[in-house]
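A.B. asks: My questions will all concern the structure given below.
Please treat every number below as a calculation from the coordinates, not as lab data. Model, not experiment: these values are computed from the prediction. When we count neighbours, we look across all protein chains shown, and the Cβ atoms used for this are built from the backbone with ideal geometry, even at glycine.
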Amino acid sequence: MNIKKVLIANRGEIACRVIDTCRRLGIATVAVYSDADRHARHVALADEAFRLGPAEARLSYLDTERLLTVAKASGTDAIHPGYGFLSENPDFAQACADAGIAFIGPRADAIAKMGSKSAAKAIMAKAGVPMLPGYHGDDQSDQRLTEEANKIGYPLLVKAAFGGGGKGMRIVEKAEQLGAALATARREAQSAFGNDQLLLERYLTAPRHVEVQVFADDHGNVVYLSDRDCSIQRRHQKVVEEAPAPGLSDALRAEMGEASVKAAQAINYLGAGTVEYLLDEQGRFYFMEMNTRLQVEHPVTELVTGQDLVAWQLAVAAGEPLPLSQEQIKVQGHAVEVRLYAEDPQRDFLPATGTLARLRWPEGDGVRVDTGVIEGDAITAYYDPMIAKLISFGDDRLMAIRRMVQALGQCELAGITTNLPFLHRITDHPAFAAADLHTGFIEQHSDALLAPSQDAWPAAWAVALALLQQGDSGDVPLGWRLNAPARAQLLLEDEHGERYPILLTAADHGWTTEHNGDTVQLAQVPCRNRLRLELNGHLKSWPCHRDEQGITVLLPGGPLRFAQVTHQGEQSQGDADKALQAPMNGTLVANLVNVGDAVSAGQALVVMEAMKMEYTISAPFAGTVTALPFAEGAQVADGTALVALEAEA
Ligand code: MV4
C-alpha cells in the first residue's frame, strides 16, 4: 500500500512530530483541531486542517465519528493517533480498518488484549515473559484471594485489573490488612475503571521502571530497539527518561529484549509497542504492562539508534517489512529526555495555565526540542500541560546529562509557571549522575529538588539599574545632595510580595549599595533582552522579559517578576493608604511636616530607615496632615500608617 496522505488524530508536540516525518517522506498531512487550537502550531504545520469541535476533548479529539468523516472527506490513506486520546482505543482502530483507512498502530485485538492488566499478564506468563509471583485469575472471592495472598507472601500489592496510573493500587504489609485493602481497592477500581476485578502481586519496595521498545511488521518480523529507564516519575507521571537504561549488563539487555519480542509475538503485534518491566535490586525483571502506542519518550530511543520511529510506523502500516533486522540495530551514545510541564512544583505541582509570553529554546549540538507551542500561545486546562520535551544526546551518559543541564539553563520561559528549575535540579543532582535510579527518586531527594530559590537581590539590583538607566524609575528621588554623592532610592516588589528597598550611591564606574553589612559594587552593562550586572567585578547576566506588570528576570531558580512600588499618582484609596504606611519594619527617622500642614501631592512627609537605608514617604495626593502617630526614633512595623492625610476638598 502507498500511503500518500496521513491524518494526525492528535494535537500538540506529537502531532507536530508526526507531521515532521511525513513532510520528510513526501507524505501529505491533515491536521485536526478543536476551537482552542485553531491557531496552534500543529495546524499551521500541516498541509490542510479540519475543525473537529469545541475545546473539550470529548467533543473534538475523542469524536471518532467526526474524525472518520474528516478522514474520508480529505482522502486520507492512514490515521496516526499519536499517544493519549484514541491511540489505545480498540474500537477506533477497528472503525478505521472497517472504513478502509490504515490505523497506524497495532490491530484492534492486540490493543484490546493489553487493555486488561490481568488478561495481559495471563498471556505474557504463558509466553514465558518473567512475572512477579502473583494471582490474576477470574475467581475474585475473598477466600481465593486470601489463599493466593498467602502463597505470594507479604508485602504484596493489590492492583485494579483494568487500572492504570497507579490508581486502585494498595500495598498490604501483613495478612490482617488484606480484607480491608481488597474492599477499598474494589470500590476504587469500580468507580475509576467501571470494573472491580483485582490482581495480587509481590510488592517491590524501590524498583526501577525499565521498558523495551519493540517493533513488528506484517511479515513475521519482530525486533527490539534498545531499552529506556523511566524511573524518575511523580505520581505515575514520567518526568525524566533515558536510553539506554544505565547499568544493565549486555546479557540482561538481550534477555529483556528477547522477552519483549516474545511478548509482541504472543499477541500477533504490529507496529510500535513498549513492554514495561519492574527491575529489582538484584537485576531481575518482571513484566508490568505493554503499551500499544508510540510513547512520549520515543525520542531517546531514536537518538541512540539513529532511527526515525515514526518513519518505521509508516513503513509497517504501508505493509512494508521493518527497515532493519535485529542484527542491524546498533545502539550508540546516550540520550536523556525531560518533560517540561506548566505546573508549580512549589504548590504541589498544581497545573499552571497562562500565556507563554516569552519562549526561547536552547540551540546547539546534542539537543533536540519537541514542542507543539510557540511564543504567545496559551496553556489551557483542556489538555495535558506538557509544553515541550527536551532531549539531549552525548557520547556517554555524563555528556548527555551535562548537555541537558546546559540546555535547561538556556531555556527562556516567562509568563507561566513551569517545572524548569525542578528539572534542572533533578538532572544536576549527584544521585542522577550516579544513576541511582528508582521509582522513589523524587520523594527521596525532595528536599534538594524543592528547596526555596536562590538569593534574588542581585536580580533586584539589576532591575533597579535598568529602571534608572531607562529613566522610567518614576518618582524615585534621584537628588544630588550637597557634598554627598548622588543617591537613588527605589523600592521593588516581586510577584510574591517580597520587597527590596534599594539605596544606590553613585561611585566611580557605577553604584554601590549596602547589603548584609557589606558594600556591593554594581555596574550595569547594557544588553538587549538581557539584564547584565557587574557585581563586585563578577559579570552576571540573565534573560529578561518586560511587560506592563514589570520586569521578569529569568533566574536559574525560575522566573521572578519585579515591579516598582510607587507612591504617586495612585488612584484607589487602598493604594493611597498603602502609600502612607511603613513599607517594611524599621525606624522612623524624621517627620518632615507638622499636624495641620497643607501639603501638595508628591511632597515628602516622613522619612524612615529600614535595612540601613532611608525611605521617604510622600503624599499620594494634596491634602492636610491630620496625624503623625510616631515620634522620631520610634520603631515601626511593616504596614503601620505613618501619616494621616485628609484629601483636599
Ligand atoms: C508495582 C510496584 C511495586 N511492586 N508492582 C505503578 C503504576 C503501575 N502501572 C505499576 N506500578 C507499580 N507496580 C509491584 N508488584 C511499584 C509500582 C510503582 C511504580 C512503577 C513504575 C514507575 C513508577 C512507580 C511509582 C510507584 C509505584
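A.B. asks: Looking at this model, which pairs from Lys5/Lys262; Lys238/Lys330; Lys121/Lys330 are more than 28 angstrom apart at the alpha-carbon? Can you show the working numbers first?
C.D. replies: On the way: Lys5/Lys262 33 Å; Lys238/Lys330 26 Å; Lys121/Lys330 30 Å.
The pairs that break the limit, which is 28 Å between Cα atoms, are Lys5/Lys262; Lys121/Lys330.
A.B. asks: Going Cα to Cα from Lys174, which lysines come in below 18 Å? Please leave out same-chain ones fewer than 8 positions away.
C.D. replies: Candidates past the 8-residue exclusion: Lys151, Lys159.
A.B. asks: Right, another one. What number, in percent, do you get for the relative contact order of region 241-359 if the mean sequence gap of Cα pairs under 8 Å and at least 6 apart is divided by its residue count?
C.D. replies: 26 percent
A.B. asks: What is the distance in Å between the Cα centroid of region 235-297 and that of region 84-125?
C.D. replies: Region 235-297 and region 84-125 have Cα centres separated by 19 Å.
A.B. asks: Could you tell me the relative contact order of region 383-537? Use alpha-carbon pairs under 8 Å, at least six residues apart, and round to a whole percent.
C.D. replies: On the way: 147 pairs, mean separation 18.0, N = 155.
Across region 383-537, relative contact order equals 12 percent.
A.B. asks: Along the Cα-to-Cβ line of Asp35, 7 Å from the Cα, sits a label point; which residues in region 361-399 have backbone N less than 19 Å from it?
C.D. replies: Within reach of a label on Asp35, which here means backbone N under 19 Å from a point 7 Å along Cα→Cβ, region 361-399 contributes 378-384.
A.B. asks: Moving to a separate point now. Computed FRET efficiency, Cβ-Cβ of Val520 and Glu498, R0 22 Å: what is it to the nearest 0.05?
C.D. replies: Numbers: r = 18 Å, r/R0 = 0.84.
Efficiency, rounded to the nearest 0.05: 0.75.
A.B. asks: Can you tell me how much longer the chain between Ala631 and Asp348 gets when fully stretched, taken as 0.36 nm per residue apart minus their C-alpha distance, in nm with one decimal?
C.D. replies: Difference between extended and current length: 97.3 nm.
A.B. asks: Going Cα to Cα from Lys540, which lysines come in below 30 Å? Please leave out same-chain ones fewer than 8 positions away.
C.D. replies: Lys540 reaches Lys389, Lys612.
A.B. asks: Extension gain Gln549-Ala73, at 0.36 nm per residue separation less the Cα-Cα distance, in nm?
C.D. replies: The span from Gln549 to Ala73 would gain 166.6 nm if fully extended.
A.B. asks: So for the pair Met1, Ala180, with labels modelled 7 Å out along Cα→Cβ, what separation do we get in nm?
C.D. replies: Here the answer is 5.4 nm between the modelled labels.
A.B. asks: What are the aspartates and glutamates whose alpha-carbon lies under 14 Å from the alpha-carbon of Lys117, with same-chain residues fewer than 8 places away excluded?
C.D. replies: Answer for Lys117, where 14 Å is the Cα cut-off: Glu88, Asp138, Asp196, Glu201, Glu276, Glu289, listed by chain and number.
A.B. asks: Mind sorting Arg528, Arg58, Arg228 by how few other Cβ atoms lie within 10 Å of their own Cβ, fewest first?
C.D. replies: Ranked by crowding around the Cβ, least crowded first: Arg528, Arg58, Arg228.
A.B. asks: Quick one: if you stick a label point 7 Å off each Cα along the C-beta vector at Trp361 and Glu173, how many nm between them?
C.D. replies: Computed distance between label sites Trp361 and Glu173 equals 4.7 nm.
A.B. asks: On a 0 to 90° scale, report how tilted helix 142-152 is relative to the longest principal axis of the chain, with both axes built from alpha carbons and the result rounded to the nearest 10.
C.D. replies: That helix lies at roughly 90 degrees to the long axis.
A.B. asks: Also: State log₁₀ I(q)/I(0) for region 103-243 at q = 0.21, 0.22 Å⁻¹ as given by the Debye formula over alpha-carbon point scatterers of equal weight, solvent excluded.
C.D. replies: Normalising to I(0) and taking log10 leaves -1.42, -1.48.
A.B. asks: Moving on to the next point. So if I take the centroid of the Cα atoms in region 399-459 and the same for region 513-562, what is the distance between those two points in Å?
C.D. replies: Comparing the Cα centres of region 399-459 and region 513-562, I get a distance of 21 Å.
A.B. asks: For region 87-131, how big is Rg over Rh, using alpha carbon atoms and the Kirkwood form of Rh?
C.D. replies: Across region 87-131, the Cα-based Rg/Rh ratio is 1.10.
A.B. asks: Round to a whole angstrom and tell me the spacing of the C-alpha centers of region 149-204 and region 2-20.
C.D. replies: For region 149-204 versus region 2-20, the Cα centre distance is 39 Å.
A.B. asks: Also: Mind checking the log10 I(q)/I(0) for the chain at q = 0.05, 0.07, 0.11 Å⁻¹? Debye, one equal scatterer per Cα, no solvent, two decimals.
C.D. replies: Summing over Cα pairs of the chain leads to -0.33, -0.59, -1.08.
A.B. asks: Can you show me the helix-derived [θ] at 222 nm for the chain, built from DSSP H runs with n ≥ 4 at -39,500 (n - 2.57) apiece and divided by the number of residues, rounded to the nearest 500.
C.D. replies: -7500 deg cm²/dmol, from helical runs alone.
A.B. asks: Using a Förster distance of 25 angstrom, determine the FRET efficiency expected from the C-beta separation of Arg144 and Thr205, and round it to 0.05. Before the final figure, lay out each step's value.
C.D. replies: Values: r = 26 Å, r/R0 = 1.05.
The formula returns an efficiency of 0.45 here.
A.B. asks: Could you tell me which residue out of Leu605, Pro54, Trp461 lies farthest along the dipole of the chain toward its positive end? Charges go on the beta carbon: Lys and Arg +1, Asp and Glu -1, centred on the Cα centre.
C.D. replies: The Cα lying farthest towards the positive end belongs to Pro54.
A.B. asks: Can you tell me the relative contact order of the chain? Whole percent, Cα pairs under 8 Å, sequence separation 6 or more.
C.D. replies: Relative CO of the chain lands at 8 percent.
A.B. asks: Against the longest principal axis of the chain, how steep is helix 250-266, in degrees 0 to 90 to the nearest 10, with axes from Cα atoms?
C.D. replies: On a 0 to 90 degree scale, this one is about 60.
A.B. asks: Could you pull out the trypsin sites (Lys or Arg not before Pro) across region 286-343 that fall in loop regions by DSSP (anything but H, G, I, E, B) with no more than 11 other Cβ atoms inside 10 Å?
C.D. replies: Qualifying residues, ordered by number: Lys330.
A.B. asks: Moving to a separate point now. First select every other residue whose beta carbon is under 10 angstrom from the beta carbon of Ala71; then total the charges, Lys and Arg +1, Asp and Glu -1. Present the calculation step by step, with values, prior to reporting the outcome.
C.D. replies: Working: positive: Lys5, Arg66, Lys72; negative: Asp77.
Every neighbour counted, the sum reads +2.
A.B. asks: Once both axes come from the Cα atoms, what is the angle between helix 64-74 and the longest principal axis of the chain, in degrees from 0 to 90, rounded to 10?
C.D. replies: 90 degrees
A.B. asks: Apply 1/(1 + (r/R0)^6) to the Cβ-Cβ distance of Gln94 and Gln328, taking R0 = 35 Å, and write down the FRET efficiency to the nearest 0.05. Could the numbers behind the result be given before it?
C.D. replies: On the way: r = 33 Å, r/R0 = 0.95.
The calculated FRET efficiency here is 0.55.
A.B. asks: Grab the Cα-Cα distance for Ala192 and Asp20, subtract it from 0.36 nm times how many residues apart they are, and report the gain in nm with one decimal. Please report the intermediate quantities before stating the final value.
C.D. replies: On the way: separation 172, 0.36 × 172 = 61.92 nm, distance 3.63 nm.
Additional length available on full extension: 58.3 nm.
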